[in-house]
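Student: There's a structure below that I have some questions on.
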Amino acid sequence: MDASRKPQTEDTPGPEEKARQAAAAVKAANRLPELRLVVLGWRWPGKSLTGNTILGKEEFHLERAAEFCVKRQAEVLERQVTVVDTPGWFSAQDTPPSYKQELVRGASLCSPGPHAFLLVIPVGMFTEVDRQCIEEHVSLFGESVWRHTIVVFTWAEVLRNISIERYIRREGKDLQWVLEKCHRRYFVINNCIFGEHPQVGRLLERVEKMVAAEGGFYNSEEEVVVEEEKKEKAVEENQNREGRELGARPKQSSALSLSKTVEALSN
Ligand SMILES: Nc1nc2c(ncn2[C@@H]2O[C@H](COP(=O)(O)OP(=O)(O)OP(=O)(O)O)[C@@H](O)[C@H]2O)c(=O)[nH]1
Ligand SMILES: [Mg+2]
């Protein structure tokens, strides 16, 4: 036998085991010690119960039509998890400005910014009006909010034997539109299971994967920051090209910021 060749042992990982190890390494690298989550949705889809499922205890009351944000924290799977439950928006009529204002305040309760917005949608008929309401209310946080949003489907037990993928296809363009806005990030939560269950760990990992992919958490001023960076880079490139100082600072971007939204809603 050629002594330079290593003998194959049973311990040598196969391709599947190697892929599993690589995936575990990525999850470990993405892992965050603290996670801040804001739960959003219309009235009564299971926002508060979803918050309870994540925290593993009954922190949020399942009272109808909550009017105020509620913030709760717990240690979950070795992470410090903050969940902000928000008032649901109205579907059949206009949402009062005070509700919108309170909704927007939800993000500021997890300073310096939420890692994820969990947009709770109950499995069932999804209409064009539902899509419009989601667009109107989620956009109160600015366009960048979509980069930090995951759709969380509740009431999934009603699907019985239908897969979530088939349900999404069947519901058509309005639900597809929402999922496209969220870069097709979604998670099916089983709110009937409480406590020890791998689903909460999987959801937290999903959030961590999004944070890694999007390069950080939501920051109401980030559109301003990105715009400023773009302009500063352009000025720098100009300076290099022309070989002289331009001196002028770029103008402030008019991008939406949370404080401006709250101010506008209160007027
Ligand atoms: N079977 C089932 N029941 C659910 C699920 N999610 C929520 N519920 C029930 O639906 C009802 C509403 O849940 P909540 O969590 O209070 O809903 P919400 O979105 O917080 O409601 P508002 O605060 O009034 O907007 C409660 O009776 C929950 O027990 C689910 O996934 N499956
Ligand atoms: Mg509630």
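Derivation of every value follows stated rules applied to the coordinates shown; laboratory data play no part. Just so you know, these numbers come straight off a predicted model, no measurement behind them. Heads up, the Cβs are rebuilt from the backbone with ideal geometry, glycines too, and the neighbour counts pull from every protein chain shown.
Student: Any number yet on Rg/Rh for the stretch 91-186, C-alpha, Kirkwood?
Tutor: The Rg/Rh ratio comes out at 0.98.
Student: So, with +1 on the Cβ of K and R and -1 on the Cβ of D and E, and no other charges, what is the size of the charge dipole of the stretch 87-197 about its Cα centre, to the nearest 20 debye?
Tutor: 280
Student: Here's another thing I want to ask about it. With a cut-off of at most 16 other beta carbons within 10 Å, and DSSP calling the residue loop, which chymotrypsin sites (Phe, Trp or Tyr not before Pro) in the stretch 35-70 qualify? Please list them.
Tutor: In loop regions of the stretch 35-70 (DSSP not H, G, I, E or B), the sparsely surrounded chymotrypsin sites (Phe, Trp or Tyr not before Pro) are Phe68.
Student: I would also like to ask the following. Counting Lys and Arg as +1 and Asp and Glu as -1, each charge on the Cβ, what is the dipole of the stretch 30-214 about the Cα centre in debye, to the nearest 20?
Tutor: Rounded to the nearest 20 debye, it is 360 debye.
Student: Label points 7 Å out from Cα along the Cβ direction at Ser111 and Gln199: separation in nm?
Tutor: Distance between the two pseudo-spin positions: 3.5 nm.
Student: For a test of the definition: using alpha carbon positions, the gyration tensor, and the 1.5 limit on a/c, classify the stretch 30-214 as rounded, prolate or oblate.
Tutor: rounded
Student: I've got another one for you. Need the full-extension length gain, Ser163 to Glu34, defined as separation in residues times 0.36 nm minus the C-alpha distance. One decimal, nm.
Tutor: That works out to 43.2 nm of additional length.
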